[in-house]
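The values are calculated or read from the model by the stated rules, or taken from the named source; none is laboratory data. Just so it is clear, the structure is predicted and the values come from calculations on it, not from any experiment. In this analysis, Cβ positions are derived from the backbone assuming ideal geometry, glycine residues included, and neighbour counts consider all displayed protein chains. Accessible surface is based on the protein model in full, side chains and every heavy atom, while ligands, DNA and RNA are left aside. Shrake-Rupley method; radii C 1.70, N 1.55, O 1.52, S 1.80 Å.
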Amino acid sequence: MMQPKVGLALGSGGARGFAHIGVLKALHEARIPIHLIAGSSMGALVGSLYCIGHKPDEMIKMAKMFRRKYYIDYTVPRMGFVSGHKVKQLMHALTHGKRIEELDIPLSIIATDLLKGEKVVLKEGPVSDAVRASIAVPGIFVPHQIGEKLLVDGSVIDRVPVSVLQEMGADIVIAVDISHIKENPEMNTIFDVILQSIDIMQKELVKTSEISSDVLIRPKVQKFSSSAFTQIDEMIAIGEEETKSKIKDIKSALRNWRKQNGEQT
């Protein structure tokens with residue numbers, strides 16, 4: 001039987017991105033095949049771990065061990081407060097030093113070219129380099145140089161990369177949007193100011209994913225700060241539950257695709 005290529009777009013959202021693990025867990029348990037992934041920022045990080053072959057249960061264990069000291073390395077501010085060397089080393093270890101083109105599931109990682117103001121879709125090269133570029137929140141992380149490009153966070157230009165999946169050949173697109181504006185948040189540090197500002201700027205752009213995706217999953221993680229890597233279990237659980245509520249919609253989209261392509265359900 002002819003089967004559609006299912007693509008998963010994992011959006012950015014800082015620490016709220018742990019909800020993506022719950023999404024993957026629910027899809028895995030429902031036996032929904034994922035043939036392609038496109039990720040922006042934290043979505044790129046989580047997506048790369050899945051594409052390399054880590055199962056959701058393994059990813060949950062990794063997430064619980066996630067601590068700032070493992071990935072934050074402060075530097076004298078010039079183009080950012082965090083050098084990013086630690087997170088690149090961590091990703092190199094977790095992805096076994098592999099290149100994007102070697103992964104089990106085709107992956108595209110989104111970054112933003114700071115010099116040209118363009119979207120960059122990374123489909124080859126070391127996974128750790130691409131993820132490091134995609135999570136480089138402007139003003140927090142030092143931009144990452146790849147070739148002649150000076151790259152920053154993918155969310156600046158494409159927060160939920162649905163169009164990239166379509167270019168990759170996806171027949172069915174599942175989009176995961178974890179972007180939320182936290183109202184009346186505590187503003188204690190420059191990190192809070194920058195991340196809240198980016199959330200606000202992206203509020204309108206992310207709406208396009210509702211139009212172009214077949215199924216939109218929106219885990220209710222607005223109460224969590226995008227800069228606080230705590231309450232990870234709760235964020236994963238919310239991602240899982242929200243996805244379970246969409247399984248019928250996903251299976252319906254798969255059936256409709258088969259019908260339209262002349263196959264019996």
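The relative contact order of the chain comes to 27 percent, based on Cα pairs under 8 Å that sit 6 or more residues apart. Here segment 1-136 is treated as an ellipsoid with the same Cα gyration tensor; its semi-axes, largest first and in whole Å, are 25, 18, 13. Normalised by residue number, the volume inside the convex hull of the Cα atoms of segment 95-149 is 78 Å³ per residue. The residues of the chain expose on average 47 square angstrom of accessible surface per residue, using a 1.4 Å probe on protein heavy atoms.
With both residues required to sit in the chain, DSSP beta bridges show an antiparallel share near 45%. Here the alpha carbons of segment 210-259 define both size measures, Rg and Dmax, at 14.1, 45 Å. Remark: spin-label model distance K244-K116 equals 4.5 nm, labels positioned 7 Å along the Cα→Cβ axis. Remark on segment 80-199: Rg and Dmax equal 15.1, 44 Å (Cα only). Within the shell defined by Cβ-Cβ distances under 10 Å, the residues around S128 carry a net charge of +3, with Lys and Arg each +1 and Asp and Glu each -1. Given a 1.4 Å probe and every protein chain left where it sits, what share in percent of the accessible area of the chain is carbon and sulfur? Whole-percent figure for carbon plus sulfur exposure: 52. Over the chain, the reciprocal of the mean inverse Cα-Cα separation, the Kirkwood hydrodynamic radius, stands at 18.3 Å. Of the cross-linked pairs K55/K259; K98/K119; K5/K123; K55/K123; K88/K246; K55/K149, those separated by over 29 Å at the C-alpha level are K55/K259; K88/K246; K55/K149.
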